[in-house]
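Asker: Take a look at the following structure, please.
The values are calculated or read from the model by the stated rules, or taken from the named source; none is laboratory data. Predicted model, so just to flag it, every value in this text is computed and none were measured. Neighbour counts run over all protein chains shown; Cβ positions are idealised from the backbone, glycine included. The area values use the complete protein model at the heavy-atom level, side chains included, leaving out ligands, DNA and RNA. Shrake-Rupley method; radii C 1.70, N 1.55, O 1.52, S 1.80 Å.
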Amino acid sequence: MTVRIPRIAPSEITPPETYFNRRAFLAGALAASAGAALGRAGAAVVPAAAGAPLVYSYDAADSVGALVHAPGQDEKPNSWEQITHYNNYYEFGTSKSDPSEYAGQLQTRPWNIAVGGEAEVTGSFPLEKFLNPYALEERIYRFRCVEAWSMVIPWVGFPLAQLLKQFKPTSRAKYVAFETLYRPSQMPGQRVPILQWPYREGLRIDEAMNPLAFMVVGLYGRVLPNQNGAPLRLIVPWKYGFKSIKAIVRILFTETQPLTTWSQAAPNEYGFYANVNPHVPHPRWSQATERRIGAPLFHERQATLMFNGYAKEVAYLYKGMNLHTYF
Amino acid sequence: MTSPAAARPKPFLGLTVERRYRLIYKPVVFLASLMPLAWMACSLFGWLGFTPPVDVVKFLELRCGKTALNFIMLTLMVTPVRQLARLPNLLRLRRMLGLFAFFYATLHFTVYLLLDVDLDWHQVAADILKRPYITIGFTALVLLIPLALTSTNRMMRRLGRRWSRLHRLVYLIAVLGVWHFYWQEKIDVREPLVYAGLLLVLFGYRWVRSPNMWAVLAPGSTRPAAAVRRLARVAASSALRPPV
């Protein structure tokens, strides 16, 4: 069965320049009207169609907006085309173009998320109900892949910390684990045992509570396309991309460190922490530099920053830890 | 060249074998060998309806590298094909295929140098010394240089028997090339394994065809029948032996 992939016509996609101008304009209007009409976007209502516009707030004065500017880095956000056609999402195949080619067949509605483990509130929730308590906001984060390439991406979502508070983890909850959907009929990559399916990831609870950890439902102000992890994914901007699990169906609060897919597949190459760290090379390649996708062809390479440039915000989490051991 | 087929050329457009190769086959193979380059150019500039890749550098690196490997494989296929298909004259195309392998391997390294590491010599040196998969790939490229330099008729004549000994380096280069490909994969090694399998078949063919192989299995005999009988005897006696 071939399923047509819902594509947004190129004419419908706002070019980054216009997009960011429009946003600056909105932010200006927001300041002028003292947040009357556009204010906080309120409860997140996520329309079903991938690529449809989202309602969210953006505050230019927000410190999060300033996070993106790091010294020595080209911080121009990547285009919609680049972000949606260059993906590592092995559930749809191991080539970078496989996800954009095959993810259209994934049905993201209805979608349920099961929450369990060491928390006061547990159960299974339909996506709409699950997302209801959160106001959406935009965050432009650097995204650094363990393969030593990077992008800058304007995500839309809400802080993971808010989600955690909703489910009231108990004092025994030391970690939070996530699981991706397992549906080989719509995820052809799962028919091949390249990795142990379903994909699993996890964070220490204090990492998860850090304000930068973000749950994503949108991209460039639109509903997240399937190839980027729709309908709900995690973004942990100071860690390598594989920590930022996609298409989440299960969240589990645990007392012990959960198993994670890549560290299971190659424990000497991928650790549980997977913090971006230019001083700890991958056993087979250096992590000291990265190639920024879309940068001028002869100047793509740039220095990789400690914690992907977010050291000020997250370094406290790893005080006293040997990051060569806990890579 | 005194093979029987070369001795009695079949009339084709009234051309001798030599002229057929020079005027038809070689130009055709030459143009076909440039197709991967044309494909890369079309992708890069979006010609003929091709979509430019998001990651240009990775695309060029991977395409050039795989094409170089493909040409190495093609040169190794010449011997079995000309023997099995009784086309001894195919040998006339092998030099061109080998030189194209060198061309694409050089292009692969150039893309790495100019576009991947942006001519950062420190990084290049560190990569070659510290990253085993790059060490291996670089070694393969360096080993290709003497083969390319000694590919002229004059060098063949000058080196005589030593020429074929030198050019046996291609077996090592092929192994290094496949290993380089295997080692840079994050986890999905299916494609490099296909190359490894092909290499195994090509090496196996040569082993089976060499008289030494039978000597290894049945010392004192170079005849396949004797080796098979000996193997059967060994197998039968071990099967009949009571379990301990």
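Asker: Counting only residues 5 or more places away or on other chains, whose amide H sits under 5 Å from the amide H of A:Thr289 once H atoms are built in the peptide plane?
Answerer: A:Thr304
Asker: What is the total of Lys pairs in chain B with C-alpha atoms under 19 Å apart, excluding same-chain pairs fewer than 8 positions apart?
Answerer: Lysine pairs, 8 or more places apart or on different chains, close enough: 5.
Asker: Taking 0.36 nm per residue of sequence separation and subtracting the Cα-Cα distance, how much length would be gained by fully extending the chain between B:Ala85 and B:Val28, in nm to one decimal? Spell out each step's value before the answer.
Answerer: Details: separation 57, 0.36 × 57 = 20.52 nm, distance 2.00 nm.
Once the chain is fully extended between B:Ala85 and B:Val28, it gains 18.5 nm.
Asker: Could you give the accessible area per residue of the stretch A:175-276, probe 1.4 Å, as a whole number in Å²? Don't skip to the answer; put the middle values down first.
Answerer: Working: 2790 Å² over 102 residues.
Normalised by residue count, the accessible surface of the stretch A:175-276 is 27 Å².
Asker: Mind telling me which of B:Phe203, B:Phe181, B:Phe109 comes out most flexible in a GNM of chain B, alpha-carbon contacts under 10 Å?
Answerer: Result: B:Phe203 has the largest fluctuation of those listed.
Asker: Of all trypsin sites (Lys or Arg not before Pro) in the stretch B:82-151, which ones are in loop regions per DSSP and have a Cβ with at most 16 other Cβ atoms within 10 Å?
Answerer: Details: sites: B:Arg82, B:Arg86, B:Arg92, B:Arg94, B:Arg95, B:Lys130; in loops: B:Arg86.
Taking the stretch B:82-151 and a limit of 16 other Cβ atoms within 10 Å, the loop trypsin sites (Lys or Arg not before Pro) found are B:Arg86.
Asker: Also, quick follow-up: Filter the trypsin sites (Lys or Arg not before Pro) in the stretch A:99-186 down to the DSSP loop ones having no more than 13 other Cβ atoms within 10 Å, then list what survives.
Answerer: Filter output for the stretch A:99-186: A:Arg172.
Asker: Assuming R0 = 60 Å, what is the FRET efficiency of B:Leu62 and A:Thr256, from their Cβ-Cβ distance, to the nearest 0.05?
Answerer: On the way: r = 40 Å, r/R0 = 0.67.
The value I calculate is 0.90.
Asker: When the accessible area of each residue in the stretch A:185-231 is compared between its chain alone and the complete protein assembly (1.4 Å probe; ligands, DNA and RNA ignored), which residues differ by at least 20 Å², being lower in the assembly?
Answerer: A:Val192, A:Ile194
Asker: Same structure again: Mind checking the angle between helix B:56-84 and chain B's longest principal axis? C-alpha axes, 0 to 90 degrees, to the nearest 10.
Answerer: Roughly 30 degrees between the two axes.
Asker: Helix B:190-209: angle to the longest alpha-carbon principal axis of chain B, degrees 0 to 90, nearest 10?
Answerer: Between the helix axis and the principal axis of chain B, the angle is about 40 degrees.
Asker: Counting each DSSP H run of 4 or more residues in chain B as -39500 (n - 2.57), what helix-only mean residue ellipticity at 222 nm follows after dividing by all residues, to the nearest 500 deg cm²/dmol?
Answerer: Numbers: 14 runs with 179 residues, N = 244.
For chain B, the value works out to -23000 deg cm²/dmol.
Asker: Taking θ as phi - 60°, what are the ³J(HN,Hα) couplings along the stretch B:228-233 by the Karplus curve (6.51, -1.76, 1.60), each to the nearest whole Hz, with x for Gly and Pro?
Answerer: 5, 4, 5, 4, 4, 4
Asker: Using only Cα atoms, find the angle between the long axis of helix B:91-111 and the longest principal axis of chain B, and express it within 0 to 90 degrees, rounded to the nearest 10.
Answerer: 40
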